1. Residues Leu133, Leu69: which one is touching a Cys at 6+ places or on another chain (Cβ under 8 Å), of a type outside the set (D, E, K, R) and buried (at least 17 other Cβ atoms within 10 Å of the Cβ)?
2. May I ask you to verify whether Ser79 is small (Gly, Ala, Ser) and either away from the ligand (no atom under 16 Å from the Cβ) or crowded, with 18+ Cβ neighbours inside 10 Å (or both)?
3. Listed residues Lys188, Lys257, Lys247, Lys240; which is under 30 Å from Gly131 (Cα atoms), in the same structural domain as Leu270 (by TED's automatic domain parsing) and charged (D, E, K, R)?
4. Pull up region 221-237, narrow it to residues that are outside any loop (DSSP other than H, G, I, E, B) and out of contact with any Ser or Thr (no Cβ under 9 Å at 6 or more places or on another chain), then point me to the one that is farthest from Arg184 (Cα to Cα).
5. For region 111-126, which positions are buried (at least 19 other Cβ atoms within 10 Å of the Cβ) and either farther than 30 Å from Glu21 by Cβ or more than 14 Å from the chain's Cα centre (by Cα) (or both)?
6. So which of Lys138, Lys148 ends up being surrounded by fewer than 16 Cβ atoms within 10 Å (Cβ to Cβ), within 16 Å of the chain's Cα centre (by Cα) and not hydroxyl-bearing (Ser, Thr, Tyr)?
7. Residues Pro49, Pro89, Pro108: which one is surrounded by fewer than 17 Cβ atoms within 10 Å (Cβ to Cβ), within 24 Å of Asn11 (Cβ to Cβ) and out of contact with any Cys (no Cβ under 7 Å at 6 or more places or on another chain)?
8. Among Glu243, Glu207, Glu191, Glu276, which is within 16 Å of the ligand (Cβ to nearest atom) and charged (D, E, K, R)?
Amino acid sequence: MLYVVGTPIGNLGDFSPRAVEILKQVDFIAAEDTRVTLKLLNHFGIQKPLVSYYEHNLRQRGQEILRRLEAGETAAVVSDAGMPCISDPGEDLVRLCAQAGVEVQVIPGPSAAVSALAVSGLPTSRFTFEGFLSTNRKNRGEHLDSLKQERRTMIFYEAPHKLPTTLEDLKEAFGGDRRIALCRELTKLHEQVLRMNLEQAAAYARETPPRGEYVLVVEGCPEPEGEAMDEAQALSFARKLLEQGEKPTEAARQAAKASGLSKGLLYKKLVQSLAEED
Ligand code: SAM
């Protein structure tokens, strides 16, 4: 049996009695950083062997843990804070266990993503979790491009020293008017939720060097005004623009903006329909 155990994201009072019980029962604990977990264990009077399990050893260590589980031991996997597997180690181990038929149970705890969403003041009924944006410019650009028409509320993690650049990139991708909640140091002494738009957020991060941990909750793309256009209507709109002298790329861009459909798709269909007429 493997237990996936959530740990506090700042306030030790959030550690559940059931989590304490399970950590006392298991044979060993796989921890992202054994020093961090040792402090948690000491606070709750838990003595248990720790095995380091983190990003750079998870392939080999995952196999070793799986062999021990298959031999009949029980283990818990924890990360430094929050839910394992969510932008944290654990996902691989759960997959290995699932493939090998080893039972996995969750002992839920706080997650910064869902906690931030709840206090953001933005729509919560539908949302996407985007984790950390890549530091590679090309990958980051592609990721943000893919979200330009995303209507659901989006959740991002970011390190404080990268926040000014990331907020500039979000502003560039989604426009300065888009609403954002900067959720800082949740459950800790300096907990703060700043609600503003991306223009203001980028300026704020430039002027006030961000400190502490942040989750960024960004409003989804607003519904286009008026009646929603379907694909046929968007194409007909684009064709009218062509007749008025616009180039196909510009016609597709305006039709995409008006309909909320993908510019690439509309451009492809537009060019296809022109070719079919020739
Ligand atoms: N697995 C964790 C979870 O479920 O919350 C997330 C781990 S991820 C490596 C760490 C990121 O989570 C931080 O960079 C920050 O974006 C966010 N985070 C963690 N604790 C936080 C807190 N107390 N307040 C705000 N953001 C937090």
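1. Only one candidate passes the filter, namely Leu69.
2. Judged against the criteria, Ser79 is a match.
3. Residue meeting the stated conditions: Lys257.
4. Ser236
5. Of everything in region 111-126, those that are buried (at least 19 other Cβ atoms within 10 Å of the Cβ) and either farther than 30 Å from Glu21 by Cβ or more than 14 Å from the chain's Cα centre (by Cα) (or both) turn out to be Ser120, Leu122.
6. None of the other options fit; the residue is Lys148.
7. That would be Pro108, the only listed residue that is surrounded by fewer than 17 Cβ atoms within 10 Å (Cβ to Cβ), within 24 Å of Asn11 (Cβ to Cβ) and out of contact with any Cys (no Cβ under 7 Å at 6 or more places or on another chain).
8. Answer to the check: Glu191.
The values are calculated or read from the model by the stated rules, or taken from the named source; none is laboratory data. Being a predicted model, the structure only gives us computed values, none of them experimental. Every residue, glycine as well, gets a Cβ built from its backbone with ideal geometry; the counts of neighbours run over all protein chains shown.
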